[in-house]
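As structure tokens, the structure follows; a few thoughts come after it.
The values are calculated or read from the model by the stated rules, or taken from the named source; none is laboratory data. Remember, it's a predicted structure, so these values are computed and weren't measured experimentally. All Cβ positions, even for glycine, are placed from backbone atoms using ideal geometry, and neighbour counts span all protein chains on display.
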Amino acid sequence: MALKSTMPIRTLPPLQSVFQLSTLPPPDSPLARECNPTSIAPYRNCTRKRTGRWRSSDCERSSSILNDDKEIITLEHILPEHPESNWPQFTPEENINFWRRLGNMVLHSHRVNTTLKNAEFEAKRLRYKECPYELTGQVGRLKNWTPDLIAKRQEKLAIYAVKAWPV
């Protein structure tokens, strides 16, 4: 008699290359797995969004004091969910694959986040440069925003995360 499981079967996203394995944090870290740059959509629900805000804020705590109140500080998507024609460097498929990645998110004030919405990168970049959070300011110093930069930033954030929360 076979046992039936009530647990859904989950599959892992495919690895793009063996090279990626050498650039990721240790594979035994649950946090490293969640921050894996091949992860397309790590924040599918409110709980994960809140967790992402807390995790990002922990990376920033060394340079500033944060408030976990979502009315004061929020996660800002650099590439918006529904970009307008002012994001021509992203194909529709790339937009679907990259807008929810951790590498595409920065911490910013709720007020600024609500004013930026679908603005082009140049307008967002200027506001990020003024932000007191170092990781947000780093994005503000970039000249453009591409899928490659999102993936590289996510790899970097994964390394920071593993250092902030050692297993």
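Of the residues that sit in the stretch 119-148 and are free of Cβ contacts under 8 Å to residues at least 24 places away in the same chain and among the hydrophobic types (A, V, I, L, M, F, W, C), which one is nearest to residue 81 (Cα to Cα)?
Restricting to residues being free of Cβ contacts under 8 Å to residues at least 24 places away in the same chain and among the hydrophobic types (A, V, I, L, M, F, W, C), the top hit is 123.
Test of understanding: among 59, 131, which residue is of a type in the set (A, V, I, L, M, F, W, C), in a loop (DSSP other than H, G, I, E, B), modelled with pLDDT under 95 and crowded, with 18+ Cβ neighbours inside 10 Å?
Going through 59, 131 in turn, just one is of a type in the set (A, V, I, L, M, F, W, C), in a loop (DSSP other than H, G, I, E, B), modelled with pLDDT under 95 and crowded, with 18+ Cβ neighbours inside 10 Å: 131.
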